[in-house]
Amino acid sequence: YFWYKKNIMINIIHFLNKLVINQKFKTIKFIYNKNIIHILYKLEQYGFIKYNINFNSNDQYGYATFYKNNLKKVIFISKPSRIIRVSLKRLKSIGYFCILSTNQGILSNEEAIKANTGGILLFKLEIK
């Protein structure tokens, strides 16, 4: 569960806000970390975005260029001051697409149910 690390959480929140708010800009600069990459991979896997990442090994920044972005809104459920855990039973009753941090990595709610695990509810997505 990476979500306990406040600075990582804040970087992910900033990145996803830029992604939704600045849809007219195709390239977003971000502090490179593997959790952002995992989240981007999940969003691409479900067809919400298409992207390419450039990374310079001399600094800590990555540059994500987006070719497709169907995200309308990202609603953060867990925040640095309030971590929301969800059990498998509760997860089955959630009626929206969301991303979780689990002991098996970053998973969508569908994947977490298939993996028979709960986790920290990170955010839910509204699609165009």
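The values are calculated or read from the model by the stated rules, or taken from the named source; none is laboratory data. As the structure is a prediction and not an experimental result, all values here were calculated from the model. So basically every Cβ, Gly included, is an ideal-geometry build from the backbone, and we count neighbours across all protein chains shown. For accessibility, only protein heavy atoms count, side chains too; no ligands or nucleic acids. Shrake-Rupley method; radii C 1.70, N 1.55, O 1.52, S 1.80 Å.
In the set I113, I31, I36, only one residue is over 17 Å from I8 (Cα atoms) and either surrounded by 15 or more Cβ atoms within 10 Å (Cβ to Cβ) or among the small types (G, A, S) (or both); that residue is I113. Would it be correct to say that S81 is over 16 Å from the mean Cα position of the chain (by Cα) and under 22 Å from H14 (Cβ atoms)? Here the answer is yes, as S81 does meet what is asked. Among the conditions (1) at pLDDT 90 or above; (2) under 17 Å from I8 (Cα atoms), the only one that S87 does not satisfy is (2).
When K72 is tested against (1) out of contact with any Leu (no Cβ under 6 Å at 6 or more places or on another chain); (2) at pLDDT 90 or above, only condition (2) is not met. Listed conditions (1) open to solvent by less than 40 Å² (accessible area, probe 1.4 Å); (2) at pLDDT 85 or above; (3) at negative phi are all met by I13, apart from (2). One residue alone among I106, I99 is under 21 Å from I49 (Cβ atoms), modelled with pLDDT of 90 or more, touching a His at 6+ places or on another chain (Cβ under 6 Å) and part of a strand (DSSP E or B), and that residue is I106.
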